[in-house]
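Asker: Take this structure, written in structure tokens, and hold onto it; I'll ask about it next.
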Amino acid sequence: MILSALFVARSPGSPGAAEPDEAAATRLLRFPTLSRDSIAFVYAGDIWTVARGGGLARRLTADPGLELMPRYSPDGTWIAFTGEYDGNRDVYIVPAEGGEPKRLTFWTDTGHPAERAGPNNMVVGWTPDGKRVLFRSRHQAWEDRAGRLYTVGVDGGLPEPLPMPEGGLASFSPDGRRLVYNRIWTNFRTWKRYRGGMTLSLWVYDIPGNKLEKLTENDNNATEPAWIGDRIYFDSDRDKTFNLFSVDPESKKVTKLTDHREYDARWASGGPGGVVYENGGDIYLYDIAAGKSAKVAIRVPAERPAARPGFVSLSEKITEFGLSPDGKRAVFVARGEVLTVPAEKGNTRNLTNSSGAHDRGASWSPDGKSIAYLSDQTGEDEIWIVPQDGSAPARRLTSDGHGWRFGPIVSPDSRKIAFADKDLKLFWVDVASGRVTQADQAREAEINDYAWSPDSRWLAYSKQNPDQMRQIYLYSLETGRVTRVTSDMNDSRAPVFDPDGRYLYFLSDRDLNASVGAFDFSYVYNNVTRVYALTLRKDLASPFAPESDEVKVGEAGKEAGTEKETGKESAAAAGKEKKAGAREAAKEVAPIKVDLEGIEERIAAFPIQPATVSDLRAGKSTVYYMTGPSPNLSDDGDDGGSKGVVHAFDMEKRKDAVLISDVGSYDLSADGAKVIYSAGKQYGIIDAKPGAVAAKVGDGVLKLDGLSMFLDPRAEWRQIFDETWRLERDFFYVPNMHGLDWPAMKRKYGALVPHVAHRFALTYLIGEMIAELNAGHAYVGGGDMPKAKTVPIALLGVDYGLDRASGRYRIGRILQGQNWVESRRAPLTEPGVDVPEGSYVLKIDGVDLKSPAVPDDLLQNKTGGTVTLTINSRPDDKGARQVAVRPLADEEQLRYFDRIETIRKKVEKATEGKVGYLHIPNMGGDGLNEFVRQYYPQIRKQGMIIDVRNNGGGFVSELILERLRRVLAGMGNSRNGGVTTYPSQVFYGPMVCLINHYSASDGDIFPYFFKKYGLGPLIGTRTWGGVVGIRGYSPLVDGGYVTRPEFGTYGLEGQWVIEGHGVDPDIEVDNRDDLVVEGRDPQLEKGIEVVMEQIRKGPKTLPPVPPPPVKN
């Protein structure tokens, strides 16, 4: 489960949103590079240059998008960088003295990688002759961590890959024949002192000789190499804090060059006579001849437009919404502001105006006068209340905040407010006095679904027990007594009171209708939830008690007339009651009666179909709830956010009706007359009473163009930083924070917050802070920053090659795909498309294609519809023909399928069909689908290779292991149906599991338990080692996110396992790049060898059918 809208803020005494001293040296300078007389670096998303001795910097680039990773050419005349000038992130060069940037690549990214994957087409350096730029790209990768090193000429043209299959940061030797590099890529990850399977080592690769030599050991991280003369300079955390080192590539003797102890030395880059690097937001220059490092004082005269205060629209930043009691105004929480909007007439009101605080959890008081909310403006979450018309300042009700709190709910008499906190406690606060009373505390899991009784004397809520089931509880404010009112044999939640105090409605999962899987004899339960009513008084009948129509004895006409008159009187009475109710809304409500004895026995199910139900609300005579699609693990590109159906169940007629469909969520006004709904970016208010025809999205739509705030970015950045610090403090899986002085980390990195001038810099700073936790899954990303508009590039599912003699491009290889799966189509193999491998592509949509132009340039913005290729078997027009092709927008899935299908065929050929091969890309829905797609068709193989290399993690490992653990216990036979096994779909034969450094998260857990269950040996290299899990991303006020590592893994012997180390293989085999270059896969080869050896030693075949029995 994902907690929505989790936010924390700064403590009292934290540094404010002060601006840096303009006369002082500028900080948070990133990615420096060195020439003979200058240093180039990134500040606020732009590239700047300054003299080697420091001083006043000069801006080199000024695009709204990010420019990153500048690298001087060897002669200092050019700077290569990764930029977004034309929308996509590509390689550019610009004269070192300034000028127009020139784009060198036209390559799209693969998939949708997060910030921790680093930028695509990332400039790494230059070839020693200064003719080509070295960069890392995921363009042809089969998953987003598998980037490769390429070079591209300064005049453009088709980039050329280096021989190694993958690579990270690198530097050429002075003669260009060798390369020092990281084979693994982790440089944008936020995990300090990491020692798992992805620990960075330096290797030296002899390019013409195809020889690979290890330079540093992997018991610490060594990265960011610079080969200068006869030594290699690099950053390493072998002393915990990153410092600059050098090594002799021949003797491998390492020398420590700096001794930074507070901040890491990172992003070292070499140049004439020195190495520059960043440390604590400053740039340092190490002088090789002098053997000394010194800080370079740099002043950047930047305009800092991203830091300038100004008005911003909030209509795209809505995180919460609700209604006033009469439904005439809506309340929104957007970007940490509480605002109200009229249903039709009136002005939009921003009630909080707080750039430096995160206000959330808005709850309109039933008397309509005020809105309660949570705010962290004091440094801790506190309950505040503000007049709904903004006529007076907000008033703080609590002052004991010490951790994360869940949103307030105002009582019907508007005199009390309920709230909960991260310590699993439930409270209520008296609005007049501010006195806080603890109502209850759970043993596990937070309490977050509490509701008031109509007399404001009871709270209903659910708590989770150790069996992971929830039950409904009642708390009496008068007695302080807590009573469980639903059985611990059922999962029940989301209670709401009937406004008349007769019933307690709730959701419960009690309808069990199992479905059987299509490929596997296993069960799943969907649509198990229904609405239930608990009768609060013993003397009150069930709301669904039997009814009977009876005839009264008397004159028919008189009875008819009487009935008619009674109807009129009833309507009049109802009108009077409604008016009286309006007048008496502020009066004391009579206490409701709750008979606790035998209360569990007074539960009745609503006569509705069980479904996936949520968002229960109760009106006077109508109960509202929302149904949605059953949970689906597959990512089909639709988040399901607007598929909900709001139902209105009439309690008098006992009839269910659809109020509105295709919505994301809704809320009911306190008087039960209006409903507000969300559907994508639309919000509307409609009548709560269903009409003859259901309402539709767009009805009663609200105008939200007035939602705005005056934003002070610096104040918001401070709030985001502090919020992140508190989220980790409150939810990290162990309270000792791994022995880290967490307040000290806030002071250490918080000192740099005033120097932030761009959201990218804030993300970096937060990443550095949470990295100190030394835990996997500590991530940060997103946020509000200028974004370039990307330009899609059509992809044909091929690898191009350049015929240098003619300057024409040939199709070197056509990827194999599954043309019935849209994301895995191979465009040139679809029916009617005749384009063989080796064909020349002469034109694209009639435009001539010849080097140095590249195919991807001509395929820009052509992902919709078809493109027309002019092809030929020769590099000229004679005999050329045209072919219409429907391209792809992303090749990741196609390249993945091509890769695993190639390996599967290789295994089949090598084992003469005896051994099956399957790859599991992740432990999410996609990974489970791949397991099913590949496993069951091969279940009768004699052996099986389970490949979880590069597995990106998830949560379904136990589902897969459950299938693999099945033990053959018996056989079955039918005359015409063949033999069957007991249990069904059981694999009978030896297995091995292939792992590597990119087997991560649940991809760590899978091989750990594969080994624990004795399913077979692990072959490969140590896994990532990150198993402290998260429950999704916690959103930040500006749309960014941070994660909280909350769930640790420990063994039966009482020790923490896997985290920070990984899972060791039983048979260690490294897929060395020099061997992979030769077309080999040593890990796979060993897997085949081991399985085949076991088959030879003790082949397992299913027992044959015995002779027919003779029984007569």
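We did not get these values from a lab; they are worked out from the coordinates using the rules stated. Since the model is a prediction, treat every value here as computed from it, not as a measurement. Counting neighbours? That spans all protein chains shown, and the Cβs are built from the backbone with ideal geometry, glycine included.
Asker: If r is the Cβ-Cβ distance from A590 to D430 and R0 is 25 Å, what FRET efficiency results, to the nearest 0.05?
Answerer: According to the calculation, E is roughly 0.75.
Asker: OK, next. Kirkwood hydrodynamic radius, region 973-1112, all distinct C-alpha pairs: what's the number in Å?
Answerer: Numbers: mean 1/r = 0.0529 Å⁻¹.
18.9 Å is the Kirkwood radius here.
Asker: At 0.36 nm per residue, minus the direct Cα-Cα distance, what do Y523 and D326 gain on full extension? Give it in nm, one decimal, please. Mind dumping the intermediate values first?
Answerer: Working: separation 197, 0.36 × 197 = 70.92 nm, distance 4.65 nm.
Length gained between Y523 and D326: 66.3 nm.
Asker: Which FRET efficiency, nearest 0.05, do L961 and T868 yield, Cβ-Cβ r, R0 41 Å?
Answerer: Numbers: r = 50 Å, r/R0 = 1.21.
My answer for the efficiency is 0.25.
Asker: Test of understanding: what is the full-extension gain from V1077 to E213, defined as 0.36 nm times their sequence separation minus their Cα-Cα distance?
Answerer: Values: separation 864, 0.36 × 864 = 311.04 nm, distance 1.45 nm.
My answer for the length gained is 309.6 nm.
Asker: May I have the convex hull volume per residue, in Å³, for the Cα set of region 862-933? Provide the component values of the computation, followed by the final result.
Answerer: Working: hull volume 11.0 nm³, N = 72.
It is 153 Å³ per residue.
Asker: Which value results for Rg/Rh of region 30-301 when Rg is the Cα radius of gyration and Rh the Kirkwood radius based on the inverse mean 1/r? Display every interim value, and only then the final one.
Answerer: Numbers: Rg = 17.1 Å, Rh = 18.5 Å.
Across region 30-301, the Cα-based Rg/Rh ratio is 0.93.
Asker: Rounded if a/c is under 1.5, else prolate if a/b beats b/c, else oblate: with a ≥ b ≥ c from the C-alpha gyration tensor eigenvalues square-rooted, which is region 620-766? Intermediate values should be presented prior to the final figure.
Answerer: Details: a/c = 2.80, a/b = 2.18, b/c = 1.29.
Taking the square roots of the gyration eigenvalues as a ≥ b ≥ c, region 620-766 is prolate.
Asker: Additional query: Could you state the per residue volume, in Å³, of the convex hull enclosing the Cα atoms of region 655-722? Show your work: numbers first, answer last.
Answerer: Details: hull volume 10.1 nm³, N = 68.
For region 655-722, the hull spanned by Cα atoms encloses 149 Å³ per residue.
Asker: For q = 0.11, 0.18 Å⁻¹, what log10 I(q)/I(0) does region 14-147 give under the Debye formula with an equal point scatterer on each alpha carbon and no solvent?
Answerer: Debye curve over Cα of region 14-147, log10 I(q)/I(0) at q = 0.11, 0.18 Å⁻¹: -0.43, -0.99.
Asker: Could you tally the net charge around M69, taking each other residue with its Cβ under 14 Å from the Cβ of M69, Lys/Arg +1 and Asp/Glu -1? It would help to have the intermediate numbers written out before the result.
Answerer: Values: positive: R30, R71, R89, R136, R266; negative: D46, E67, E84, D90, E224, E278.
Neighbourhood net charge equals -1.
Asker: Also, I was wondering about something else. Any idea what Rg and Dmax come out to for region 288-330 if you just take the C-alpha atoms, in Å?
Answerer: 25.1, 78
Asker: Also, I was wondering about something else. Determine Rg/Rh for the chain; Rg is computed over alpha-carbon atoms and Rh is the Kirkwood hydrodynamic estimate from the same atoms.
Answerer: Details: Rg = 33.3 Å, Rh = 33.2 Å.
Ratio of gyration radius to Kirkwood radius for the chain: 1.00.
Asker: In Å, the Kirkwood hydrodynamic radius of region 994-1061 over pairs of distinct alpha carbons?
Answerer: Values: mean 1/r = 0.0746 Å⁻¹.
Kirkwood hydrodynamic radius for region 994-1061: 13.4 Å.
Asker: Let me test this: with uniform point scatterers at the alpha carbons of region 924-1043, what is the Debye-based log₁₀ I(q)/I(0) at q = 0.09 1/Å?
Answerer: At q = 0.09 Å⁻¹ the computed log10 ratios are -0.33.
Asker: Over 23 Å apart: what share of the alpha carbon pairs of region 798-888 falls there, rounded to a whole percent? Could the numbers behind the result be given before it?
Answerer: Details: 721 of 4095 pairs.
Considering region 798-888, 18 percent of its Cα-Cα pairs are separated by more than 23 Å.
Asker: Separate question: Mean 1/r over all different Cα pairs, inverted: what Kirkwood radius does region 257-304 give, in Å?
Answerer: Values: mean 1/r = 0.0864 Å⁻¹.
Result for region 257-304, one decimal place: 11.6 Å.
Asker: Based solely on its DSSP helices, what 222 nm [θ] is calculated for the chain when runs of n ≥ 4 H residues each add -39,500 (n - 2.57) and the sum is averaged over all residues, nearest 500 deg cm²/dmol?
Answerer: Details: 11 runs with 143 residues, N = 1112.
Result for the chain: -4000 deg cm²/dmol, rounded to the nearest 500.
Asker: What's the FRET efficiency of D248 with T829 using the Cβ-Cβ distance as r and R₀ = 60 Å, to the nearest 0.05? Mind showing how you got there, number by number?
Answerer: Values: r = 52 Å, r/R0 = 0.87.
Working from the Cβ atoms, E equals 0.70.
Asker: Using DSSP to define loop residues, name the trypsin sites (Lys or Arg not before Pro) in region 762-817 whose beta-carbon has at most 15 other beta-carbon atoms within 10 Å.
Answerer: On the way: sites: K787, K789, R804, R808, R810, R813; in loops: K787, K789, R804.
The qualifying sites are K787, K789, R804.
Asker: Set the bar at 29 Å for Cα to Cα. Now go through K552/K655; K211/K906; K214/K240 and name every pair that lies beyond it.
Answerer: Details: K552/K655 26 Å; K211/K906 25 Å; K214/K240 21 Å.
Distance filter (> 29 Å) returns an empty set.
Asker: Can I ask one more? Multiply the residue gap between K655 and N819 by 0.36 nm, knock off their C-alpha separation, and tell me the result in nm, one decimal place. Don't skip to the end; give the middle numbers.
Answerer: Values: separation 164, 0.36 × 164 = 59.04 nm, distance 4.74 nm.
So the chain would gain 54.3 nm between K655 and N819.
Asker: Now a separate question. Taking a 28 Å limit on the Cα-Cα distance, which of the listed pairs K256/K295; K102/K789; K463/K696; K787/K843; K369/K620 fall beyond it?
Answerer: Numbers: K256/K295 18 Å; K102/K789 18 Å; K463/K696 36 Å; K787/K843 33 Å; K369/K620 22 Å.
The pairs that break the limit, which is 28 Å between Cα atoms, are K463/K696; K787/K843.
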